[in-house]
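This report concerns only the one structure given below.
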Amino acid sequence: MEVFYKELILAMLRTGILGFGGGPSVIPLIRYEAVTRYRWLDDEEFGETWAIANALPGPIAPKMAAYLGYRQKGVIGAIIAVLSHIAPTCLATVLLLSLVHVLSFSKTFTKMVSAVMPVIAVMLGQMAYEFGFKALKGLGKILGIIFLVLSFILLYVVPIHPAIVILIFLTYGAFHFNIKNKIRQTSK
């Protein structure tokens with residue numbers, strides 16, 4: 001087995017095993033593996049990939065795993081990454097279902113689960129802060145705040161499906177630098 005496949009399998013196994021609480025809690029783990037540990041992507045590409053994966057139907061973590069595997073080793077890499085990510089969870093679910101049922105009546109177990117929730121919130125908050133900071137750096141404070149307010153209005157006041165809002169901002173992002181350069185040229 002090639003060294004890369006070993007790295008891909010280990011990275012996706014870690015995200016599959018350590019990801020507690022569903023897709024949003026796994027994203028910081030996948031980001032750590034892909035951006036920090038193995039440097040398969042930079043933060044900007046990870047953010048773009050995450051936005052596109054959010055726009056597609058289905059669970060986010062396997063989509064991210066598939067993209068990482070495909071980007072590195074094609075179709076076989078995508079299959080290996082997805083299987084490595086979901087296999088531990090599937091196996092654990094099947095094997096531990098009866099144990100969870102028994103433990104669900106335990107106060108200690110309930111307290112342990114409650115103790116993990118703030119950690120997940122902090123991880124998501126940290127990631128949101130980092131992406132927000134980079135967005136403000138790239139867009140500028142005024143445009144960043146305008147887009148924040150616009151996205152809040154579109155999601156909570158109008159309300160438009162999040163996939164449509166993501167597509168709107170992806171479309172703008174595709175033309176952002178062209179628009180920015182034209183504004184600079186006209187202001188000279």
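The values are calculated or read from the model by the stated rules, or taken from the named source; none is laboratory data. None of these values were measured; they are calculated from a predicted model. Note: ideal-geometry Cβ built from the backbone for every residue, glycine included; neighbour counts use all protein chains shown. Areas reflect the complete protein model, heavy atoms only, side chains present, ligands, DNA and RNA absent. Shrake-Rupley method; radii C 1.70, N 1.55, O 1.52, S 1.80 Å.
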* To do: Please turn the phi angles of the range 151-165 into ³J(HN,Hα) values with the Karplus equation 6.51 cos²θ - 1.76 cosθ + 1.60 (θ = phi - 60°), one per residue in order, whole Hz, x for glycine and proline.
  => 5, 4, 4, 5, 7, 10, 9, 5, x, 10, 4, x, 4, 5, 4
* Looking at the range 6-109, which GluC sites (Glu not before Pro) are DSSP coil and have at most 10 other C-beta atoms within 10 Å of their C-beta? -> none
* Rounded, prolate or oblate: which fits the range 63-130 when a ≥ b ≥ c are the square roots of the eigenvalues of the alpha-carbon gyration tensor, with rounded for a/c under 1.5 and prolate only if a/b beats b/c? -> oblate
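State, as an integer percentage, the relative contact order of the chain based on alpha-carbon contacts under 8 Å between residues 6 or more apart. The partial results should precede the final answer.
On the way: 133 pairs, mean separation 41.0, N = 188.
It rounds to 22 percent for the chain.
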* To do: Rounded to the nearest 10 degrees, what's the angle between the helix 60-103 long axis and the longest principal axis of the chain, both from Cα atoms, 0 to 90?
  => 40 degrees
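In the chain, carbon and sulfur make up what percent of the accessible area (probe 1.4 Å)? Display every interim value, and only then the final one.
Values: 9030 of 12430 Å².
The computed percentage sits at 73.
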* Using only Cα atoms, tell me the angle between helix 107-139 and the longest principal axis of the chain; keep it within 0 to 90° and round to the nearest 10. => 20 degrees
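Using a 1.4 angstrom probe on the protein heavy atoms only, could you order Arg184, Arg37, Arg31 from most to least accessible area? It would help to have the intermediate numbers written out before the result.
Details: Arg184 125, Arg37 100, Arg31 40 Å².
In descending accessible area the options line up as Arg184, Arg37, Arg31.
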* **Loop-exposed chymotrypsin sites (Phe, Trp or Tyr not before Pro) per DSSP, neighbour cap 15 Cβ within 10 angstrom, longest uninterrupted part of the chain** => 21-104
* **Surface accessible to a 1.4 Å probe, Ile168 within the full protein complex, Å²** => 80 Å²
* **the chain - mean residue ellipticity at 222 nm from DSSP helices (-39,500 (n - 2.57) per run, n ≥ 4, rounded to 500)** => -28500 deg cm²/dmol
* Measure nothing but the geometry: give the 0 to 90° angle between the long axis through the Cα atoms of 3-18 and the longest principal axis through the Cα atoms of the chain, rounded to 10°. => 80 degrees
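Cα-based count: Lys pairs in the chain below 17 Å, eight or more positions apart or different chains? Kindly include the intermediate steps, with their values, before the conclusion.
Working: Lys6/Lys73; Lys63/Lys73; Lys134/Lys180; Lys137/Lys180; Lys141/Lys180; Lys180/Lys188.
Lysine pairs, 8 or more places apart or on different chains, close enough: 6.
Using the heavy atoms of the protein chains and a 1.4 angstrom probe, tell me the accessible area per residue for the chain in square angstrom.
Solvent-accessible surface per residue comes out at 66 Å².
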* Structure fact -> Once all protein chains are kept in place, Leu97 shows an accessible area at probe 1.4 Å, nearest 10 Å², of 120 Å²
* Asked: For the chain, with equal point scatterers placed on the C-alpha atoms only and solvent neglected, what are the log10 I(q)/I(0) values from the Debye formula at q = 0.11, 0.13, 0.14 1/Å, to two decimals?
  -> -0.62, -0.83, -0.93
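Taking 0.36 nm per intervening residue step and subtracting the Cα-Cα distance, what contour gain separates Ile183 from Leu95 on full extension? Numbers along the way, then the final one.
Working: separation 88, 0.36 × 88 = 31.68 nm, distance 5.96 nm.
So the extension gain works out to 25.7 nm.
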* At a probe size of 1.4 Å, how large is the accessible area of Leu124, to the nearest 10 Å²? -> 60 Å²
